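The values are calculated or read from the model by the stated rules, or taken from the named source; none is laboratory data. Nothing here was measured: the structure is a model prediction, and the numbers come from that model. Positions of Cβ are backbone-derived with ideal geometry, glycine not excepted, and every protein chain shown enters the neighbour counts.
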Amino acid sequence: MAFGGTLHQAVQRVPGMLDHREPEGDREAKYAPSHDLSILPGGRLAALYPEPHAQVNSLHQQGVATLGPGLVAEAHAPDGLVEAISVRDAPGFALAVQWHPEWHPAEHPLYDALFRGFAEACHSRRATRTPQPGVVDHADI
């Protein structure tokens, strides 16, 4: 929306789309992988995770209807819904996903790859920063 795109407010009501809302059950069931993900080759997500497919959880009702200018689709659900996007020409880590990779990332190689990529981007950014006189860098404390 911030880039001028549009959202489906209730993906499950759009003809031909899956129901991406969380399933019934306990927490483990809600966050369990629920659908396939097709990762587009050559993108930022593919650079972090070179496999063309993965399984992801799905706990959302809204979804991208149209991408705003400057955004790039990185992955799709089986129904074609955009599940991951990046910001074209972003100088740093600008990758967003529709699923919840914080749920057991060590058990899901794609989730783990996202966090490793983010951590690497943070370390790289910190290494290029110029210290400012009189400003305490809390990472050094």
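Any residue that is modelled with pLDDT of 95 or more, under 14 Å from the mean Cα position of the chain (by Cα) and among the aliphatic types (A, V, I, L, M) - is there at least one of those in region 111-134? Checking region 111-134: at least one residue is modelled with pLDDT of 95 or more, under 14 Å from the mean Cα position of the chain (by Cα) and among the aliphatic types (A, V, I, L, M). Only one of HIS60, HIS53 is loosely packed, with under 15 Cβ neighbours inside 10 Å, closer than 24 Å to PRO105 by Cα and in contact (Cβ under 8 Å) with a residue 12 or more places away in the chain; which? The match here is HIS53. Only one of the numbered conditions (1) touching a helix residue (DSSP H, G or I) at 6+ places or on another chain (Cβ under 7 Å); (2) closer than 30 Å to SER124 by Cβ; (3) at pLDDT 95 or above is violated by PRO41, and that is (1).
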